[in-house]
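Single-structure report; data block below.
The values are calculated or read from the model by the stated rules, or taken from the named source; none is laboratory data. Remember, it's a predicted structure, so these values are computed and weren't measured experimentally. Neighbour counts are summed over all protein chains in view; Cβ atoms, including those assigned to glycine, are modelled from backbone coordinates with ideal geometry.
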Protein chains: 2
Amino acid sequence: MEIAVDAMGGDGAPDVEVQGALEAVRELGVRIRLVGKKELIEKSLNGNWNKENLAIHHCDEWVRMDEAPLKAVRKKKDASIRVAFDLVKKKQVSAVVSAGNSGATMAASVLTLGRMEGAERPAIASVFPGQKGPVVLIDVGANVDCRPKHLFQFGIMAHAFASVCLGVKDPKIGLLSIGEEGSKGNEQVRLTRQLFESSNLNFWGNVEGRDIFTGEVDIIVCDGFVGNVALKLTEGMAETFAMMLEQEMRSSVAGKAALMLGRRSLRRFSEKLDYAEYGGAPLLGVNGVGIICHGSSSPKAIKNAIKLAARYAENDTLERMAGLLVKNKGG
Amino acid sequence: MEIAVDAMGGDGAPDVEVQGALEAVRELGVRIRLVGKKELIEKSLNGNWNKENLAIHHCDEWVRMDEAPLKAVRKKKDASIRVAFDLVKKKQVSAVVSAGNSGATMAASVLTLGRMEGAERPAIASVFPGQKGPVVLIDVGANVDCRPKHLFQFGIMAHAFASVCLGVKDPKIGLLSIGEEGSKGNEQVRLTRQLFESSNLNFWGNVEGRDIFTGEVDIIVCDGFVGNVALKLTEGMAETFAMMLEQEMRSSVAGKAALMLGRRSLRRFSEKLDYAEYGGAPLLGVNGVGIICHGSSSPKAIKNAIKLAARYAENDTLERMAGLLVKNKGG
């Protein structure tokens, strides 16, 4: 399997992308096509590669982090993210991984590959480490003003992803709200709940913010505004917790000793919380596989995103998703 | 100063409320009026009190956690939460603390005390432990479908609260969104931003979920749906973190030793994260002081909520808030 990596996206591009790609080649046995400015990529590779499992696909342009996504993608036909999705369309690669402007990644995928039938709004899913197993939160930022039917479609898309890619049998779907009773929540939640209740999906009911970590349900559906606030909140909280814990430990002799003894446990704990472990967020609802990485991704996060992309592309997730969307179209 | 405590609210009522009240009397030098069923309160007090600083105000009814708030408050004229706010209205007490049905507390306060002029929607604020100092998040659940002017009013109300009760000089206000640029966010955020920008308030701009912990701003404004998701998320995350950390430490000999040595540091760390430290969430925008506690509050949380209520009531916060609301009414 060959996967395209947008070498020009991300805050540390192209070095981080190149390192992540080299790690993926070594550890995962996939082939990588690095899409971007040839001179820069070659300089970053520094001779350290093998044409059998790594190729460079040159293009001159890229979308910057601060550009308006849709406009930039439309104008820059030779931008790395567009070229990468073109390679998917031509079936030269199986998936795209990008740590660049996430709005541009979304726009380029829709423009190039098109939306799935019944997926009016493609969405971004994020996988959280729940106490009982992974929890898929969808949408985490693609759609800020959603209608109930869009939220319902997010649930269907995540169902296919969780069952095939995460191996969850008949995933339980929860709707993010502010109280478990059906009467609570806003207008959007009340109407969406009706759609889920009249479907054949394994709908659990409303869940609260805390359930992103309990693992009571496998999938949590929300609009992209709320989902993005939640995503950023957990990132900020993980950093703050780690910092406060260390400060507290360093303030006493016993604490300092505990910090030394517990270093390995603390590191494993941090790794569990680190979003780099999951690598990236899958883009659901388009006719092809795209993984969106954090702009400040590490090489390890890029490698793990490539792993997720391969898992997403090698199974029949896309077919299952398309089938499920069409089946629930009337609902 | 005398403060009314709704003895019938909360999952552990009346025992938790009674214990919290007794601690407050001992440690804070306030007088407490316990509002609720006399027999139950007396049984819980078990003779362990002094009429000088503790009184019982009998009433026969109360609002259960699962009741529809507005309906229950309207129907039950003798419910503890209504009676408590009546005591504020009659100037017999200075504030109300309740761990009961929060919707009912909100409804009873509005019904009894009335809204402040210029505060079309009273809101619930919550104080987070930011890296640089306390951060006030408003609204955390009172209003699920807000208009831009309501969000603007939340900012004004929190400004008065933060400057008087938390001692923050000219508090910086941020608007919760999903990107720092003004073009990002949803329609509601874009319109609210304009209102803040044309006011004289110290408006910082849009902030993201992570800023609830960074302390980059002193106040973060959002609608009650998003705010409640964020509040519950942080509660769930704090619990999950503590559990995962302990599991990880217990899985190795060095970790176990570290856990023993670091016990005191870890406890101080947990205390910093514990919402019981702040005790409760102030109700802003009504003509009087009310503090809403978590249903599963501990006696310590009740005591701290009483402390916050006293600080809120003894200063000129209400006057400042009312003045600021009227001043910005046209804006």
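Does A:ARG64 fit the bill of being part of a helix (DSSP H, G or I), loosely packed, with under 15 Cβ neighbours inside 10 Å and touching a residue at least 12 places away in the same chain (Cβ under 8 Å)? So A:ARG64 fails the test. Residues in the stretch A:201-220 that are more than 7 Å from chain B (Cβ to nearest Cβ) and among the aliphatic types (A, V, I, L, M): A:LEU201, A:VAL207, A:VAL217, A:ILE219, A:ILE220.
Screening A:ASP223 against (1) closer than 29 Å to B:ASN228 by Cα; (2) more than 9 Å from every other protein chain (Cβ to nearest Cβ) leaves a single unmet condition, (2). Being assigned to a helix (DSSP H, G or I) and either in contact (Cβ under 8 Å) with a residue 60 or more places away in the chain or in the same structural domain as B:ALA305 (by TED's automatic domain parsing) (or both) narrows it down to one of B:LEU34, B:LEU22, so name that one. It is B:LEU22. Inspection of the stretch A:189-196 finds no residue satisfying the criterion of being surrounded by 18 or more Cβ atoms within 10 Å (Cβ to Cβ) and under 19 Å from A:PRO129 (Cβ atoms).
Okay, residues lined up against (1) under 14 Å from A:THR112 (Cβ atoms); (2) at pLDDT 95 or above; (3) among the small types (Gly, Ala, Ser):
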position: A:ALA4; (1), (2), (3): yes, yes, yes
position: A:LEU22; (1), (2), (3): no, yes, no
position: A:VAL35; (1), (2), (3): yes, yes, no
position: A:TRP49; (1), (2), (3): no, no, no
position: A:HIS57; (1), (2), (3): no, yes, no
position: A:ALA79; (1), (2), (3): yes, yes, yes
position: A:LYS91; (1), (2), (3): yes, yes, no
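Against the test of being buried (at least 22 other Cβ atoms within 10 Å of the Cβ), at pLDDT below 85 and at positive phi, the options B:GLY279, B:GLY262, B:GLY255 yield a single qualifying residue, B:GLY279. Looking across the stretch A:163-182 at every residue that is more than 14 Å from chain B (Cβ to nearest Cβ) and in contact with a Gly (Cβ under 9 Å, 6 or more places away or on another chain), the one that is modelled with the highest pLDDT is identified as A:ILE173. Across the stretch B:134-162, the number of residues qualifying as buried (at least 24 other Cβ atoms within 10 Å of the Cβ), closer than 16 Å to B:LEU191 by Cα and either within 13 Å of another protein chain (Cβ to nearest Cβ) or at pLDDT below 95 (or both) comes to 1.
Scoring A:ILE173 on the criteria (1) closer than 28 Å to B:GLU239 by Cβ; (2) surrounded by fewer than 24 Cβ atoms within 10 Å (Cβ to Cβ) leaves a single failure, condition (2).
Looking at B:GLU27, B:GLU17, just one residue is surrounded by fewer than 16 Cβ atoms within 10 Å (Cβ to Cβ), in the same structural domain as B:VAL88 (by TED's automatic domain parsing), in contact (Cβ under 8 Å) with a residue 40 or more places away in the chain and assigned to a helix (DSSP H, G or I), and that residue is B:GLU27. Of the residues contained in the stretch A:113-128, none is found to be away from chain B (no Cβ under 14 Å) and aromatic (Phe, Trp, Tyr). Of the numbered criteria (1) within 28 Å of A:ASP139 (Cβ to Cβ); (2) charged (D, E, K, R); (3) modelled with pLDDT of 95 or more, the one A:GLU42 fails is (1).
Residues in the stretch A:78-95 that are surrounded by 24 or more Cβ atoms within 10 Å (Cβ to Cβ) and under 16 Å from A:LEU283 (Cα atoms): A:ILE81, A:ARG82, A:ALA84, A:PHE85, A:ALA95. Could you please find all residues in the stretch B:105-125 being among the small types (Gly, Ala, Ser), closer than 19 Å to B:PHE225 by Cβ and in a helix (DSSP H, G or I)? Selection gives B:ALA107 alone. A:GLY288 meets all of the listed conditions (1) under 16 Å from the mean Cα position of the chain (by Cα); (2) modelled with pLDDT of 90 or more; (3) surrounded by 24 or more Cβ atoms within 10 Å (Cβ to Cβ) but one, namely (3).
Residues that are touching a helix residue (DSSP H, G or I) at 6+ places or on another chain (Cβ under 7 Å) and assigned to a loop (DSSP other than H, G, I, E, B) within the stretch B:50-61 comprise B:ASN53, B:CYS59, listed in sequence order.
Only one residue in A:ILE178, A:ILE220 is touching a helix residue (DSSP H, G or I) at 6+ places or on another chain (Cβ under 7 Å), within 26 Å of A:SER296 (Cα to Cα) and of a type in the set (A, V, I, L, M, F, W, C). Which one? Of the residues listed, the single one that is touching a helix residue (DSSP H, G or I) at 6+ places or on another chain (Cβ under 7 Å), within 26 Å of A:SER296 (Cα to Cα) and of a type in the set (A, V, I, L, M, F, W, C) is A:ILE220. Flag: A:VAL135 does not match the condition of being in the same structural domain as A:ILE302 (by TED's automatic domain parsing) and of a type in the set (Val, Ile, Thr).
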